[in-house]
Amino acid sequence: MKKQYESFFNVLNQAAIISEADVKGNILLVNDKFCEVAGYERNELLGNNHRILNSGMHSKSFFGGMWETISSGQIWTGEICNRSKNGSLYWVNSTIIPVIDELTKEIEKYISVRFEITEQKALEIQLSTAQEKLESTIDELKYYKFALDQHAIVAITNVQGNIIFANEKFCTVSGYSREELLGQNHRLLNSGYHLKDFFKEMYREISRGQTWYGEICNRAKDGSFYWVLTTIVPFLDTHGKPVRYIAIRTDITQRKKDEEIIYQLAFYDPLTKLANRRLLLDRLEQAMNLSQRTQEYGVLLFLDLDKFKPVNDYFGHDVGDALLHEVANRLNECVRKVDTVARFGGDEFVVLLNELGKEPMEVRQNTYYIAEKILKSLNQPYLLHATGNETITHNCSCSIGMVEFVGCSISTDELLKQADCAMYQVKNNGRNGISFFETEKLN
């Protein structure tokens, strides 16, 4: 059992930053990973206080709360920013466990288990031994096992993907009891988010004895989705073939939600939920590059609502916003999924039509059809709700300028200027119409 303990500890040693400190915070023991991440030699750390790693990023009350927790015999878990020897900062997800003397009941020392999260790298644990009695070995690891369980979702499967071990964190996050998980295939958690090829490639790698690392969207028992940053490490037999897989996951659901919020704020208009100017320019550049390869035409439509300002002035901005929202809905209904509808600003909208064909005459016919469809749709009366639940019936027309493009002969800015110019040609001709950009009309 001692040999099994040492083998498992050596593997854990490669992935986790481990240290022991006395009750004053003076370092008694560090592993190689600690030295590697901190940039110090072991003899530079031993005997020194943990303050040697202080980054200055946290307040005194932050550490005061931490010490208050562990000095009372409780486990503390949190994220800490440390400073390495060369001055660079790195973040760790840290679990600090007080070790209490069985005789005196006093705190003897503290064990710290940390995982670096600077680059959101998952735990990469190379486990090549302790195959036969892994569960009993984990039970012997007491504090280390507990610290790992506090941080990570841990599961072990056979080569068919059937679960033979699940820790408490796995049960908590997935919503299944351990009895419901054991013996079940990991497909139980399949969310349907990923394509089959995603999992084929994953199993291809681990079946070859290679470690797999990536993000997976799973479905909990209650039907909700959750995201995990996953490392799957194969256990290999003496012939180098996998006999079991250990998966260590970190729940990153909140991070994914935050990323989605940031993405929405960066690329979408908050009022209409349409693409904003930034996303439109990006997609226009992609469309021009695609057109360069395929030689198929694309078309840009620049729309401006006629006499929109009086709506805001007379009825108020709530009604104006409601009108813009309804215009966005109608525009989406008039185009294909491959096309892009964007709010360019104020009451200006841009529609990007992709892959309309290679013949100019056919392209113009298709564009006129879509533009007339848009014009007809936007000319229909609007039922808008004003403050006080009053319903207002409003008629609104628009002016549409159009310009076709093939390849990247001009810039995106110039293309937008041409579409805008064509739109103003419509305005000058009495509004509520459509017009292609024609160079000769400028002379």
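General observations
- Subset of segment 41-60 [within 17 Å of Y90 (Cβ to Cβ), under 30 Å from the mean Cα position of the chain (by Cα) and exposed (fewer than 13 other Cβ atoms within 10 Å of the Cβ)]: G56, M57
- Near pairs, Cβ below 6 angstrom, 6+ apart or cross-chain, from segment 403-429 (under 18 Å from Y368 (Cα atoms)) to any residue that is surrounded by 15 or more Cβ atoms within 10 Å (Cβ to Cβ) and charged (D, E, K, R): M423/D304
- A247 closer than 30 Å to L281 by Cβ, of a type in the set (G, A, S) and either out of contact with any Asp or Glu (no Cβ under 9 Å at 6 or more places or on another chain) or modelled with pLDDT under 90 (or both): no
- Of all residues in segment 212-243 being touching a helix residue (DSSP H, G or I) at 6+ places or on another chain (Cβ under 8 Å) and basic (K, R), the one that is farthest from F199 (Cα to Cα): K221
- Of all residues in segment 222-237, those satisfying the criterion of being free of Cβ contacts under 8 Å to residues at least 60 places away in the same chain and under 12 Å from the mean Cα position of the chain (by Cα) are Y226, W227.
- Contact map, segment 197-209: residues that are under 16 Å from I246 (Cα atoms) and assigned by TED's automatic domain parsing to the domain that holds N158 paired with residues that are exposed (fewer than 12 other Cβ atoms within 10 Å of the Cβ) and at pLDDT below 90, Cβ distance under 7 Å, separation 6+ or inter-chain. Pairs shown: G209/G240.
- Verdict on D321 being within 25 Å of T412 (Cα to Cα) and either among the acidic types (D, E) or outside the structural domain of S411 (by TED's automatic domain parsing) (or both): no
- Subset of segment 335-347 [surrounded by fewer than 17 Cβ atoms within 10 Å (Cβ to Cβ) and either in a loop (DSSP other than H, G, I, E, B) or at pLDDT 90 or above (or both)]: R336, K337, V338, G346
- Hits in segment 300-334 - residues which are within 19 Å of G401 (Cβ to Cβ), outside any helix (DSSP H, G or I) and out of contact with any Lys or Arg (no Cβ under 9 Å at 6 or more places or on another chain): L300, L301, F302, L303, L305, F308
- Every condition in (1) under 22 Å from T250 (Cα atoms); (2) free of Cβ contacts under 8 Å to residues at least 40 places away in the same chain; (3) part of a helix (DSSP H, G or I); (4) of a type outside the set (S, T, Y) holds for C81 except the one numbered (3).
- Screening V363 against (1) farther than 19 Å from Y297 by Cβ; (2) part of a helix (DSSP H, G or I); (3) in contact with an Asp or Glu (Cβ under 7 Å, 6 or more places away or on another chain) leaves a single unmet condition, (1).
- Every condition in (1) part of a helix (DSSP H, G or I); (2) in contact (Cβ under 8 Å) with a residue 24 or more places away in the chain holds for D282 except the one numbered (2).
- When segment 375-404 is filtered for residues that are touching a Ser or Thr at 6+ places or on another chain (Cβ under 9 Å) and in a loop (DSSP other than H, G, I, E, B), the ones remaining, listed by number, are N379, P381.
Residue-wise test of (1) outside any helix (DSSP H, G or I); (2) free of Cβ contacts under 8 Å to residues at least 60 places away in the same chain; (3) over 19 Å from the mean Cα position of the chain (by Cα).
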| site | (1), (2), (3) |
| --- | --- |
| H239 | yes, yes, yes |
| V243 | yes, no, yes |
| A247 | yes, no, yes |
| T250 | yes, no, no |
| K256 | no, yes, no |
| I261 | no, yes, no |
| Q264 | no, yes, no |
| T272 | yes, no, yes |
| R278 | no, yes, yes |
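- E372 being assigned to a helix (DSSP H, G or I) and closer than 14 Å to L301 by Cβ: yes
- T367 fulfils the conditions (1) of a type in the set (S, T, Y); (2) surrounded by 17 or more Cβ atoms within 10 Å (Cβ to Cβ); (3) without any contact (Cβ under 8 Å) to a residue 40 or more places away in the chain except for a single criterion, (3).
- When each of V228, V233 is tested for being surrounded by 13 or more Cβ atoms within 10 Å (Cβ to Cβ) and closer than 30 Å to D282 by Cβ, the lone residue that passes is V228.
- Set Y193, Y203, Y263, Y213: member being surrounded by fewer than 17 Cβ atoms within 10 Å (Cβ to Cβ) and either touching a His at 6+ places or on another chain (Cβ under 6 Å) or more than 22 Å from A152 (Cβ to Cβ) (or both): Y263
The values are calculated or read from the model by the stated rules, or taken from the named source; none is laboratory data. What you see is a predicted model, and the numbers here were worked out from it, not measured in a lab. Positions of Cβ are generated from backbone atoms using ideal geometry, with glycine treated the same way; all protein chains shown enter the neighbour counts.
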